[in-house]
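*Asks:* Attaching a single structure in structure tokens format; questions to follow.
The values are calculated or read from the model by the stated rules, or taken from the named source; none is laboratory data. Because the structure is predicted, anything quoted here is derived from the model rather than measured. Note: ideal-geometry Cβ built from the backbone for every residue, glycine included; neighbour counts use all protein chains shown. Ligands, DNA and RNA are excluded from the accessible area calculation, which covers all protein heavy atoms including side chains. Shrake-Rupley method; radii C 1.70, N 1.55, O 1.52, S 1.80 Å.
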Amino acid sequence: MNLLRRHAPLLVAAALAVGLESLVTVEWSFPYCSSQEDGPASAVYGFPLPYIRWGGYSSLIYIFMPAAHLADLILLTCAVYLLIRRFVRRMAPPEHPRRRTILGLMGAALLVIAGLQEVFLIAVAERVPVLSIADDAYGYYTELRPVALTSSDLSDRCTPSAWWFPDGWKPDGGR
């Protein structure tokens, strides 16, 4: 219980970061999105880093980068922690250990639930973990550019960006 009390602001920040990440995300575009030769390109999502992409072979399967997803959650937790630590300190000051323990317990419970959800999605093969979501003949991870802020209701088709990629996609990768 002492651990929950001591780290309550961090646990609450992490739970809020997971919640924020599950509600809002960024759609990313890449040059191949403008090519319709092989059909539509698959959409890429993630905030602040892209980490998930439609698999292309089933409407329910997404490939994702666990390392980038974890980095996203760490970065978001740090940002939320900076915003929330004073609020938690006022709402549950150290001299009220029961309040801090309850906040820490709530944050830890939400994190466990989110972790179990990720494990379940991997177990039922809705999410397929990979090392990179974009290192193939159609594009590279470094070519991904943000195009829209969206809900986490993921689409399967990529949004082309004439602003980022005015020349579109070149089969040789433009190299």
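*Asks:* Can you give the FRET efficiency to the nearest 0.05 for residue 159 and residue 89, using r as the Cβ-Cβ distance and R₀ = 35 Å?
*Replies:* 0.25
*Asks:* How much of the accessible area of the chain, in percent, comes from carbon and sulfur atoms when a 1.4 Å probe is used?
*Replies:* Heavy-atom surface of the chain belonging to carbon and sulfur, 1.4 Å probe: 65 percent.
*Asks:* Additional query: How big is the charge dipole of region 1-136 about its Cα centre, in debye rounded to the nearest 20, if each Lys and Arg gets +1 on its Cβ and each Asp and Glu gets -1 on its Cβ? Can you show the working numbers first?
*Replies:* Values: 11 positive and 10 negative charges, 286 e Å.
Dipole size: approximately 1380 debye.
*Asks:* Can you give the extra length, in nm with one decimal, that the chain gains between residue 124 and residue 2 once fully stretched, where that is 0.36 nm per residue apart less the Cα-Cα distance?
*Replies:* 40.3 nm
*Asks:* At 222 nm, what value in deg cm²/dmol follows for the chain if DSSP H runs of at least 4 each add -39500 (n - 2.57) and the sum is divided by all its residues, to the nearest 500?
*Replies:* That calculation yields -14500 deg cm²/dmol at 222 nm.
*Asks:* Beta carbons within 10 angstrom, averaged per residue: use that to sort the peptides 113-126, 69-82, highest first. Mind dumping the intermediate values first?
*Replies:* On the way: 113-126: 12.2, 69-82: 16.6.
The peptides rank, most packed first, as 69-82, 113-126.
*Asks:* Each residue of region 120-129 in order: what ³J(HN,Hα) in whole Hz does its phi give by Karplus 6.51 cos²θ - 1.76 cosθ + 1.60, θ = phi - 60°, with x for Gly and Pro?
*Replies:* Computed from phi, the couplings for region 120-129 are 4, 4, 6, 5, 8, 6, 7, 10, 10, x Hz.
*Asks:* Sticking with this structure for a sec: Taking +1 at the Cβ of each Lys and Arg and -1 at the Cβ of each Asp and Glu, which of 104, 24, 56 sits farthest along the dipole of the chain towards its positive end, judged by Cα position relative to the Cα centre?
*Replies:* Working it through, the farthest residue towards the positive pole turns out to be 104.
*Asks:* Moving on. In degrees from 0 to 90, rounded to the nearest 10, what is the angle of the helix 8-23 Cα long axis to the longest principal axis of the chain?
*Replies:* Relative to the chain, helix 8-23 is tipped by roughly 30 degrees.
*Asks:* In degrees, nearest 10, range 0 to 90: what is the angle between the Cα axis of helix 66-91 and the longest Cα principal axis of the chain?
*Replies:* Relative to the chain, helix 66-91 is tipped by roughly 30 degrees.
*Asks:* Let me ask something else about it. Tell me, for the chain, which Cys residues have no other cysteine's C-beta sitting closer than 4.7 Å.
*Replies:* Among the cysteines of the chain, those whose Cβ sits 4.7 Å or more from every other are 78.
*Asks:* For the peptides 144-152, 17-25, what is the packing order when you average, over each peptide's residues, the other Cβ atoms within 10 Å and list the highest mean first?
*Replies:* 17-25, 144-152
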